[in-house]
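First up is the structure itself, then whatever we jot down about it.
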Amino acid sequence: MTDPYKVLNVSPNATDEEVKHAYRELARKYHPDNYHDNPLADLAQEKMKEINEAYEQVQRQRKARSGYTAQQGSYSSYSYSSTSYQTAGADPLLRRVRIAINNGDITQAERLLNEAQEHNADWNFLMGIVCHRRGWMDDAKRYIQTACQMDPDNAEYRKAMEMFNNSGYQPAGFRGFGSMTYGNSDCMRLCAAWSCCVLSGGRCCIC
Amino acid sequence: MFGYVRPAAHRLSEEENERFRAAYCGLCHTLGRKYGFAARFLLNYDFTLLAILLSLGTDTRIGCRRCVVHPCKGCSAMNASSALDTAAAYSVVLSWWQLQDHIADHGFFAALGYRFAALLLRRAYRKARADAADFDTAVRAQLQKLSEREAAHCASLDAAAEPFATLLSQLALAEPDVLKRRVYAQLFYHLGRWIYLVDAADDFTDDAKSGNYNPIRYRYSLSGDALTDEVRCALGETLDASIRQMASAYALLDAGAWTGVLDSIFYDSLYGIGGAVLRGVYRKPSRLRHEQTTEGDTQ
């Protein structure tokens, strides 16, 4: 079996606090929020499993060695299943689109979407998800924004919109970067104001 | 390729800076050794990053080499490896087709410089095509798609960026490990998308003056020759989305000794370079030996 200390990237002589810190940093790195609707989510899930097992193993070893007091457990309840979309819905065509997306068949999902006559909120939402899976980030945001504007109370659409606000994993010392905020706080204020204005127009913003 | 991607030098230790320089010099030596002296002029930062990524998990040794730029003292350079060979072959193939694209886009006299460069590179291209035949086919197909979309004045940033992004994701085919290949494909797709959009933003004013196609003009229905603040913010957000996708793919790789260099690229300098381009303060860096005078560009 792989050395659990190697997985956690700490020395076997590290203190409990250092082990916990290393574990938390890795858990933050592979958190499902950073891999929402991401084609590599399964690999991140695998990594998270490996880290959880390593952390639990270290805890067990240390406990056995010296009547060690119980530590906080691992985050094994993290779920990566959020990238699966509910398939209940009135429109049979869009239901088939959701099944195709859940099966990872993006080409089929797009083909079906192009057949649809009516471009309602759900159509825009699903088109946004298809674009996002393809890496078409600007189009994805436009479609999901439209879905939010057409149906502002839909929780599923609002949750999808949050994908665009997640700043992803940034290690200590690198946090808070953005192209327009890099070393320029005026731009940050301007962009924040602009984002709020655009997003609240679609009632998708928490700010 | 355009040479935008480089590490945030101020974040690197002396050893890490030296390591990046060794990859850069190693690629230069490989270009010269395999494809002749003229091919050395194709050396750029983007392909140095590619060589580094493709070399992860392999035994990369650094030696001391002499060259025209460093004739007496020599410089540290990554020793020959399959990652450097691949990066060099892809670099020549892609540059060749970009030259052909420029020749097709300009009149006979305006394209004289490009024609001359193509003449110098013809032999190098033929050798590189033999080394990377699949990539050569992919590049031709994607650049053809790109010129069709440009001719149709495509108003979607993503549709316009897709051919170049797909083309870069083909670089992943050089990786034998299936899981790593998936990670590379995702990382290179967004690297390609980011490079294409940063280049479009960088060229926006020139394109507006010359009347050349620029996806940003059509996406945001702009009529002037400068980006507005709203467009800058929107572009910044979409560039950040690609950087985050790259970072989430990079997090799945074991970067080993390259961790410092690659962290500084995916968590820092891409934001700085994109921001500098959007604010109109970006200056293309000169060759690496002058890095000390240009490292402040991204701040």
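The values are calculated or read from the model by the stated rules, or taken from the named source; none is laboratory data. The structure displayed is predicted, hence computed values, not measured ones. With ideal geometry, Cβ positions are generated from the backbone for all residues, glycine too; neighbour counts draw on all protein chains shown. To get the accessible areas, we keep the full protein, side chains included, count just its heavy atoms, and leave off ligands, DNA and RNA. Shrake-Rupley method; radii C 1.70, N 1.55, O 1.52, S 1.80 Å.
Just a few scattered comments:
- Any hit, region B:198-215, residues being within 14 Å of another protein chain (Cβ to nearest Cβ), among the basic types (Lys, Arg) and either in contact (Cβ under 8 Å) with a residue 12 or more places away in the chain or open to solvent by 60 Å² or more (accessible area, probe 1.4 Å) (or both): no
- Given (1) within 14 Å of chain A (Cβ to nearest Cβ); (2) without any contact (Cβ under 8 Å) to a residue 40 or more places away in the chain, index of the condition B:HIS190 fails: (2)
- A single entry from B:ARG140, B:ARG126, B:ARG115 fulfils the requirement of being modelled with pLDDT of 85 or more and out of contact with any helix residue (DSSP H, G or I) (no Cβ under 9 Å at 6 or more places or on another chain): B:ARG126.
- A:ASP16 meets the conditions (1) away from chain B (no Cβ under 11 Å); (2) within 30 Å of A:LYS159 (Cβ to Cβ); (3) touching a Lys or Arg at 6+ places or on another chain (Cβ under 8 Å); (4) not small (Gly, Ala, Ser) in every case but one. The failed one is (2).
- If you go through region A:37-61 and keep only what is assigned to a helix (DSSP H, G or I) and within 14 Å of chain B (Cβ to nearest Cβ), you end up with A:ALA41, A:ASP42, A:LEU43, A:ALA44, A:GLN45, A:GLU46, A:LYS47, A:MET48, A:LYS49, A:GLU50, A:ILE51.
- Top-ranked residue of region B:145-179 - restricted to ones that are over 19 Å from the mean Cα position of the chain (by Cα) and within 10 Å of chain A (Cβ to nearest Cβ), ranked as farthest from B:ASP105 (Cα to Cα): B:LEU179
- Some residue of region B:178-191 being open to solvent by 20 Å² or more (accessible area, probe 1.4 Å) and under 16 Å from B:PHE2 (Cα atoms): yes
- Residue match in region B:29-37 (condition: farther than 26 Å from B:VAL139 by Cβ, of a type outside the set (A, V, I, L, M, F, W, C) and open to solvent by 50 Å² or more (accessible area, probe 1.4 Å)): no
- The C-beta contact set for region B:92-110 (first residue closer than 16 Å to B:GLU148 by Cα, second residue open to solvent by 70 Å² or more (accessible area, probe 1.4 Å) and not in a helix (DSSP H, G or I), distance under 9 angstrom, 6+ apart or interchain) comprises B:ASP105/B:ASN212.
- Verdict on B:SER156 being surrounded by 24 or more Cβ atoms within 10 Å (Cβ to Cβ) and touching a residue at least 40 places away in the same chain (Cβ under 8 Å): no
- Whichever residue in region B:228-252 is of a type outside the set (Phe, Trp, Tyr) and more than 7 Å from every other protein chain (Cβ to nearest Cβ) and, among such residues, is surrounded by the most Cβ atoms within 10 Å (Cβ to Cβ): B:LEU235
- Residues being farther than 18 Å from B:VAL5 by Cα and either assigned to a helix (DSSP H, G or I) or touching a Phe, Trp or Tyr at 6+ places or on another chain (Cβ under 9 Å) (or both) - total across region B:252-270: 4
- Each residue in region A:113-135 was checked for being crowded, with 23+ Cβ neighbours inside 10 Å and assigned to a loop (DSSP other than H, G, I, E, B), and 1 of them qualify.
- Contacts under 7 angstrom Cβ, first residue in region A:159-180 being more than 10 Å from chain B (Cβ to nearest Cβ), partner open to solvent by less than 20 Å² (accessible area, probe 1.4 Å) and basic (Lys, Arg), 6 or more apart: none
- Whichever residue in region B:216-227 is open to solvent by 40 Å² or more (accessible area, probe 1.4 Å) and within 25 Å of A:ARG133 (Cα to Cα) and, among such residues, is farthest from the other protein chains (Cβ to nearest Cβ): B:TYR218
- Criterion violated by B:ILE273 - all others in (1) of a type outside the set (Phe, Trp, Tyr); (2) touching a residue at least 40 places away in the same chain (Cβ under 8 Å); (3) at the interface with chain A (Cβ under 8 Å from one of its Cβ atoms); (4) not in a loop (DSSP other than H, G, I, E, B) satisfied: (3)
- Residue-level check: of (1) open to solvent by less than 60 Å² (accessible area, probe 1.4 Å); (2) over 20 Å from B:TYR282 (Cβ atoms); (3) of a type in the set (Val, Ile, Thr), B:ILE195 misses just (2).
- Sole exception among (1) in a loop (DSSP other than H, G, I, E, B); (2) at pLDDT below 80 for A:VAL10, by number: (2)
- Under the condition of being more than 26 Å from B:ILE216 (Cβ to Cβ) and not in a loop (DSSP other than H, G, I, E, B), the residues counted in region A:136-151 number 1.
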